[in-house]
1. Could you rank the peptides 179-188, 73-82 by their average count of other C-beta atoms within 10 Å per residue, with the highest value first?
2. Work out how much length residue 95 to residue 146 would gain on full extension: take 0.36 nm times their residue separation and subtract the Cα-Cα distance, in nm to one decimal.
3. When the Debye formula is applied to the Cα atoms of the stretch 176-231, each taken as the same point scatterer, what base-10 log of I(q)/I(0) results at q = 0.21 Å⁻¹?
4. Taking 0.36 nm per intervening residue step and subtracting the Cα-Cα distance, what contour gain separates residue 52 from residue 229 on full extension?
5. For the stretch 88-218, how big is Rg over Rh, using alpha carbon atoms and the Kirkwood form of Rh?
6. So for the stretch 2-237, averaging the separation of alpha carbon pairs under 8 Å that are six or more residues apart and normalising by length, what relative contact order in percent results?
7. Please compute the Kirkwood hydrodynamic radius over the stretch 1-93, one decimal place, Å, based on all pairs of different Cα atoms.
8. With viscosity set to 1.002 mPa s at 20 °C, what whole-number translational diffusion coefficient in µm²/s follows for the chain from Stokes-Einstein and a Kirkwood radius over Cα pairs?
Ligand SMILES: [Fe+2]
């Protein structure tokens, strides 16, 4: 599997805090069948510059651990950007990393963000030539109104990412009695990619194997493969997704 949303670079956000934390997260990802990870540390341009130098140094230290352990695991750079109007400019200037150096960018919003702001983000990113991926789309109340996610996908080519934990809570723990929206979105094919959004090895960890297995048993192996392998690899490679 290929992960496009993780907080595995240590010491730059609320994910891994130490190299040891990051090593434990890489051990766990390998045990879950993950082969490629895009390291999407938080970027909050409204608050502070992205700590590019520290991020790159720590990423290299983590790659050294992979070589030492002889893991079949690759790490790529990236970020999860809290939307702010300066984002397209900062991306163009190379001050925030895109996903693996491609035109794909992972963007998040405040959970109560307005639909107008979300549309504005999609539009601005498109106009500047970026390919927006919206992180954990299940979080945004406004996207639950009829056909809004579909509209964003059709008009601006937005790619919808759902967290593996949402999939697991819904399909494995059968908690979709409370919240049926994620299931409806998965069933109707509006979710493109599932990723762990892992921050650690306990409360917010990588459980991609269980998510994949549940997706395969509910929607078939082809759907699980598309959500966890094929489309994430297309993003990794910078291939255009229709
Ligand atoms: Fe995240």
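1. Numbers: 179-188: 15.5, 73-82: 22.5.
Averaged packing, sorted descending, gives the order 73-82, 179-188.
2. In short, 14.8 nm is gained.
3. -0.85
4. Values: separation 177, 0.36 × 177 = 63.72 nm, distance 2.79 nm.
Contour length minus Cα-Cα distance gives 60.9 nm.
5. Details: Rg = 15.2 Å, Rh = 15.6 Å.
Taking Rh as the inverse mean 1/r over Cα pairs, Rg/Rh reads 0.98.
6. About 22 percent, as a whole number.
7. Numbers: mean 1/r = 0.0735 Å⁻¹.
Evaluated on the stretch 1-93, it is 13.6 Å.
8. Answer from the Stokes-Einstein relation: 120 µm²/s.
Bear in mind that the values in this text are calculations on the coordinates, not laboratory data. Because the structure is predicted, anything quoted here is derived from the model rather than measured. As a convention, Cβ positions derive from the backbone with ideal geometry for all residues, glycine included, and neighbour counts pool all protein chains shown.
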